[in-house]
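Values quoted throughout were computed directly from the atomic coordinates according to the rules given, and no laboratory measurement underlies them. Please read these numbers as outputs of a predicted model, since none were measured by experiment. In this analysis, Cβ positions are derived from the backbone assuming ideal geometry, glycine residues included, and neighbour counts consider all displayed protein chains.
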Amino acid sequence: MKKFSAGLQELTILETEKIRVTRYSEFLLLYLENLNFSQQIICDFGCGTGVLGIYAAKRGAQLVTGFDIDPDAIDLSKENIEINDCFNFQPHPIGNSVIDETYDFIISNPASLPTVKASGKEFFSGGIYGIDMIQDLFDFSAQHLKKDGRLFFLQTSLSSINKAANYAHDKGFNYKIIGVFQTEIRDHYQEFWHRVEHNQRTGDAHFVEINGVHSEIVYLVEAKYRERP
Ligand SMILES: C[S@@+](CC[C@H](N)C(=O)[O-])C[C@H]1O[C@@H](n2cnc3c(N)ncnc32)[C@H](O)[C@@H]1O
């Protein structure tokens, strides 16, 4: 369980070994403090513990809808919604065809490490360039973001910024970096690190190395429609 303050909100979030609140989530929450959620319709895409959606609901959102590919994340979000007395946040499995909403803001901390996707790796794996979930996010946003809506998400420099930005462009969005932080890479497990070094050679991954310590850069991205088709 993690207890912390985000803006003026005190949040208590249950975690499991698989589904956690990470440094990334806390960084995104810091930026979200600047947004006015009042009366907005929000989507938390890849809700995990539900931390981002709960935060948005507590900041006055009219309605928050969460989606996740992992059924365990939906169950965990529901528990956290109850613990935090949050009544206007509903999590659903992704692909729930009864949901036909459009959103003022879509917020997401996508799984974006460059590893092959597989069962049990949903929390962090973004496919070989780390952008599979980011592509899903843009596909979803192209259907569900309001005309003047805004999409906020994080992307690590260990994934391909160029490929994600090109995908966004092809979907009719601009891709603008509005925030950045650097954080140490703690887990160099073999398959993941091998892929990062491979992708770095083609410009599809970047990291910082100081005295043998590797760090990633995490970008906060804002995307809006360039123009409506
Ligand atoms: C890095 S976690 C972030 C969780 C939470 N939003 C947070 O900030 O702590 C990414 C979440 O996205 C979910 N996910 C992975 N691929 C997805 C996809 N294609 N569509 C929707 N959710 C996905 C994972 O199950 C996981 O819960």
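Brief remarks follow.
- Top-ranked residue in region 114-126 [being under 14 Å from residue 205 (Cβ atoms) and more than 12 Å from the chain's Cα centre (by Cα); ranked as farthest from the ligand (Cβ to nearest atom)]: 114
Quick grid of which residues meet (1) in contact with a His (Cβ under 8 Å, 6 or more places away or on another chain); (2) under 20 Å from residue 22 (Cα atoms); (3) among the charged types (D, E, K, R):
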{"position": "57", "(1), (2), (3)": "no, yes, no"}
{"position": "65", "(1), (2), (3)": "yes, no, no"}
{"position": "69", "(1), (2), (3)": "no, yes, no"}
{"position": "74", "(1), (2), (3)": "yes, yes, no"}
{"position": "78", "(1), (2), (3)": "no, yes, yes"}
{"position": "83", "(1), (2), (3)": "no, yes, no"}
{"position": "86", "(1), (2), (3)": "no, no, no"}
{"position": "90", "(1), (2), (3)": "no, no, no"}
{"position": "93", "(1), (2), (3)": "no, no, no"}
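- At least 1 residues being touching a Leu at 6+ places or on another chain (Cβ under 8 Å) and surrounded by 19 or more Cβ atoms within 10 Å (Cβ to Cβ) is the threshold, and among the strands (runs of 3 or more DSSP E) wholly inside region 132-229 those reaching it are 145-156, 213-223.
- Considering only residues in region 111-124 that are over 11 Å from residue 69 (Cβ atoms) and in contact with a helix residue (DSSP H, G or I) (Cβ under 9 Å, 6 or more places away or on another chain), the one that is surrounded by the fewest Cβ atoms within 10 Å (Cβ to Cβ) turns out to be 116.
- Selection count where residues are in contact with a helix residue (DSSP H, G or I) (Cβ under 9 Å, 6 or more places away or on another chain) and not charged (D, E, K, R), scope region 193-208: 4
- Residues of region 18-59 classified as part of a loop (DSSP other than H, G, I, E, B), under 16 Å from residue 221 (Cβ atoms) and within 6 Å of the ligand (Cβ to nearest atom), total: 1
- Scanning region 58-73 for residues that are touching a residue at least 24 places away in the same chain (Cβ under 8 Å) and farther than 20 Å from residue 5 by Cβ yields 62, 63, 65, 66, 67, 68, 69, 70, 72, 73.
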